[in-house]
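The values are calculated or read from the model by the stated rules, or taken from the named source; none is laboratory data. Since the structure is predicted, the reported quantities are computational estimates derived from the model, not experimental observations. Note that we place each Cβ from the backbone using ideal geometry, even for glycine, and neighbour counts take in every protein chain shown.
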Amino acid sequence: MDEHRAAQLRKHLADQLEEGGHLRSPEWRSAVETVPRHEFARTFFRRSDSPKGTLWTPVIPGQDDVNEWLEEVYTDQTLVTQLDGHLYPDDVDGPVRGDPTSSSTLPSLVVRMLEDLDPQDGDRVLLVGVGAGLTLCLLSERLGSRQVSGVEFDEGATIRARAALTAAGYEPTLINGDGLLGHEADAPYDRLIATCSVRTIPAAWLEQVRLGGTILTTVSGWLYGSGLVSLTVGDGGTASGPFLPGTVSFMIARPQAAPPLHNVSSLLDDPAADERPTRYGPEILSDWTPQFVAQLAVPGAQYLGMSRDGGPMLDHLIDLGQKSFATLVPDGDGGFHVRQGGPARLWDAVEEAIDTWKQAGSPPQTAFGLTVTSDDQRVWLGAPDGPSWSLPA
C-alpha cells in the first residue's frame, strides 16, 4: 500500500472536516492526519439498493483495486464492517442482505463528538462502543494510550479492533464486555463517550465518572429518534445537561435493543379498538425533532410498516409491554384516522407531546435537556421545570 498516498488522503480529509466546521482544534486535526483509518477498514461492505431491497457488497482490496479502496476509506462516510452481529466481508463471496451491527463511523461525526467531549491533557476517558476501533485510536493519539479505555460488546469486533490498534501502533485498554456496565477497573474517568445509543443513562456510568466530569452520549429508542446530550455528573448518581446541535444517530446498545415483533396480528385484530381522525399523520415519525418528541411520549412503542391481507401499507405503533397499538389509516382526503387498541392510547400520547412542542414554537433539539436523579431520568423542554417526559426505567 502507498503510505505517502494515505497521508495525502488523511490531510485532504482533515481539510474537508475543518471546512465543514466539524474539526475545530489543532489537537484533533493532528490526530486525524496521523491515525491510519485504513487499518480499521481493511474490509467493509458497500451498500447498494436494488429492486430486491438493500444489498451489501464486500469490499476486499486486492492488487488491482487497492487505490480505489484507499480513496474510499478516506472519504467522509460510514463504512459498515459487520452485518447481523456476526457476518464480516471476508465471510461472503458476493452481495448479501443484512442489518449493519458494527462500523467505522462517519469521520465528521466522530471528530464533532470528540470536539464536543473536549478532553484535556491528562484526562482519563472511557469509550463505550468501540466498533471498528477508529475513535479509540483517535483518543489514544490525542491523550496517550494509557489514558484511554474502551468497552465493546461484540467479541468478534473486539478482536478485530484490537488487531487494528496494534497494527497502527496503539495499546489502549480494550475489553470485551457490556459497555452499559462501564469498566470499573480503570475508574474514575474524567469523561465518557458512547458511540452506541442508549434509552437511559446507565447507573454505572454515573458512578464511574468523577464529580464534575462529562458524559457524552446519544439518547435514542425504539422509534429511532435520537439526540446527542452532554451531561455534567453531580453528587449521588445525578447528572444534567443540554442536547447539542446537529443530527446524530447510532445503533442502540444491544442489551437495550427492541424485542422482536412477532405474531402482532392478534393484537391488531382487537375488536375493542376505536377509531378517530388524527391531528398529525405519519410524517412526524420521520421528521427529526418530531420523531424524537413522539418517542419521548411512547418510549415502549416500536414502528412497523405493514400491509395485511393484500391491503395498503399502513403505519403501526406497537407497544408489546402494554399490549397496545395505534394504526394510521388514510381517510381518502389527504388526512388520516387512527385506530387504537389496548390500555395505552399511543397516538393520543404522541399528539399531546407534539402539541406541547408546537406550543413552545417548534424549537430544535437544543431547546431540550436531560436531568438524571436517583429516582428518574427526565427530558425537559425549555427549562428543567418545563414540560418533561420520563425515559424508560
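Of the residues making up the range 98-122, those that are part of a loop (DSSP other than H, G, I, E, B), touching an Asp or Glu at 6+ places or on another chain (Cβ under 9 Å) and of a type outside the set (Asp, Glu) are Gly98, Leu106, Pro119, Gln120, Gly122.
I need a count of the residues in the range 234-293 that are among the aliphatic types (A, V, I, L, M) and farther than 20 Å from Leu328 by Cβ.
7
Within the range 143-173, the only residue that satisfies the criterion of being in contact (Cβ under 8 Å) with a residue 40 or more places away in the chain, under 23 Å from Asp123 (Cβ atoms) and surrounded by fewer than 22 Cβ atoms within 10 Å (Cβ to Cβ) is Ala168.
With Glu68, Glu39 as the choices, which residue is among the charged types (D, E, K, R), surrounded by fewer than 18 Cβ atoms within 10 Å (Cβ to Cβ) and not in a loop (DSSP other than H, G, I, E, B)? Before the answer, list the steps.
Numbers: Glu39 fails: surrounded by fewer than 18 Cβ atoms within 10 Å (Cβ to Cβ).
Answer to the selection: Glu68.
Taking the numbered list (1) outside any loop (DSSP other than H, G, I, E, B); (2) under 19 Å from Val219 (Cα atoms); (3) in the same structural domain as Gly281 (by TED's automatic domain parsing) in turn, Trp380 passes all entries but (3).
Return yes or no: is Ala273 surrounded by fewer than 15 Cβ atoms within 10 Å (Cβ to Cβ) and in contact with a Ser or Thr (Cβ under 9 Å, 6 or more places away or on another chain)? Judged against the criteria, Ala273 is not a match.
If you check Val338 against the conditions, is it assigned to a helix (DSSP H, G or I), touching a residue at least 40 places away in the same chain (Cβ under 8 Å) and not assigned by TED's automatic domain parsing to the domain that holds Leu223? It would help to see each step written out before you state the result.
Numbers: assigned to a helix (DSSP H, G or I): no; touching a residue at least 40 places away in the same chain (Cβ under 8 Å): yes; not assigned by TED's automatic domain parsing to the domain that holds Leu223: yes.
So Val338 does not fit the description; no.
Identify the residue in the range 99-131 that is among the small types (Gly, Ala, Ser) and at pLDDT 95 or above and, among all such residues, is surrounded by the most Cβ atoms within 10 Å (Cβ to Cβ). Going through the qualifying residues, I end up with Gly129. I need the full set of residues from the range 126-160 which are part of a helix (DSSP H, G or I), under 21 Å from Ser249 (Cβ atoms) and small (Gly, Ala, Ser), in order please. Ala157, the sole residue that qualifies. When Asp309 is tested against (1) under 29 Å from Pro260 (Cα atoms); (2) modelled with pLDDT of 95 or more; (3) part of a loop (DSSP other than H, G, I, E, B), just one condition goes unmet, and that condition is (2).
Of all the numbered requirements in (1) in contact (Cβ under 8 Å) with a residue 24 or more places away in the chain; (2) exposed (fewer than 15 other Cβ atoms within 10 Å of the Cβ); (3) over 22 Å from Asp116 (Cβ atoms), Ser286 misses one, and that requirement is (1). Within the range 314-332, residues that are on the phi < 0 side of the Ramachandran plot have Cβ atoms under 8 Å from residues that are at pLDDT below 95 and among the charged types (D, E, K, R) in these pairs: Leu314/Arg308; Phe325/Asp270, counting only partners at least 6 apart in sequence or on another chain. Residues of the range 360-375 include none that is under 18 Å from Glu275 (Cβ atoms) and either in a helix (DSSP H, G or I) or touching a Lys or Arg at 6+ places or on another chain (Cβ under 9 Å) (or both).
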